[in-house]
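Read through the structure below, which is laid out as structure tokens, and then see the notes.
The values are calculated or read from the model by the stated rules, or taken from the named source; none is laboratory data. All values derive from a computational prediction rather than experimental measurement. Reconstructed Cβ throughout: ideal geometry from the backbone, glycine too, with neighbour counts over all protein chains shown.
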Amino acid sequence: MIESAAHPVFLDTSVLIDFLRGRHEAIRVIGALVVPPLSSEICRVELLQGLRESEHADAAALASLIEWIPVVEPISIRAGELGRRWRPSHSGIGAADLIIASTAELTGASFLTLDVRHFPMFKRLQPAY
């Protein structure tokens, strides 16, 4: 849950999809933000590859509001570290989740997702809504 709407927030793909599909909880959470949300370029790929034809314009509008973080060396290195730590006990975590987690971690922003089981590296992580 968001501690303060002015605190930086990192949005996972699940929240972005819910926003596009009109889920009230996602609209409320994103609408309450004071600063532009952050997200990974990996989330952008996941979002775009799953778009319905009718969602393209809304997705472009949403994308323009987000600060997209590229995958750079420190993110890749941290993702590898997270993978070595968590994949032995959580085989369902894929490379995309590791990159998203390392990006969110390195930004220091609050991480909002619905897919809590994919991100065991965040202690006390709860679904965004």
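Yes/no per residue for (1) modelled with pLDDT of 95 or more; (2) within 14 Å of the chain's Cα centre (by Cα):
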position	(1), (2)
R84	yes, no
S89	no, no
L98	yes, yes
S102	yes, yes
A109	yes, yes
T113	yes, yes
V116	yes, yes
F119	yes, yes
A128	yes, yes
Has region 77-87 got at least one residue that is surrounded by 12 or more Cβ atoms within 10 Å (Cβ to Cβ), under 15 Å from S14 (Cα atoms) and aliphatic (A, V, I, L, M)?
no
Considering region 1-57, residues that are loosely packed, with under 13 Cβ neighbours inside 10 Å and touching a Leu at 6+ places or on another chain (Cβ under 7 Å), and then whichever is nearest to T103 (Cα to Cα), we arrive at P36
Could you tell me which residue of region 94-113 is surrounded by the fewest Cβ atoms within 10 Å (Cβ to Cβ), considering only residues that are of a type in the set (S, T, N, Q) and part of a helix (DSSP H, G or I)?
T107
Given the options V34, V45, name the one that is farther than 22 Å from R124 by Cα and at pLDDT below 95.
V34
Failed condition for Y129, given (1) over 21 Å from H7 (Cα atoms); (2) surrounded by fewer than 16 Cβ atoms within 10 Å (Cβ to Cβ):
(1)
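Okay, residues lined up against (1) hydroxyl-bearing (S, T, Y); (2) touching a strand residue (DSSP E or B) at 6+ places or on another chain (Cβ under 6 Å); (3) within 20 Å of F19 (Cβ to Cβ):
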| site | (1), (2), (3) |
| --- | --- |
| V71 | no, no, no |
| P74 | no, no, no |
| R78 | no, no, no |
| H90 | no, no, no |
| A95 | no, no, no |
| T103 | yes, yes, yes |
| G108 | no, no, no |
| M121 | no, no, no |
| Y129 | yes, no, yes |
V35 passes all but one of the listed conditions (1) out of contact with any helix residue (DSSP H, G or I) (no Cβ under 8 Å at 6 or more places or on another chain); (2) part of a helix (DSSP H, G or I); (3) without any contact (Cβ under 8 Å) to a residue 40 or more places away in the chain; (4) of a type outside the set (D, E); the exception is number (2)
Against the condition outside any helix (DSSP H, G or I) and either touching a residue at least 12 places away in the same chain (Cβ under 8 Å) or in contact with a Lys or Arg (Cβ under 9 Å, 6 or more places away or on another chain) (or both), how does L82 come out, does it pass?
no
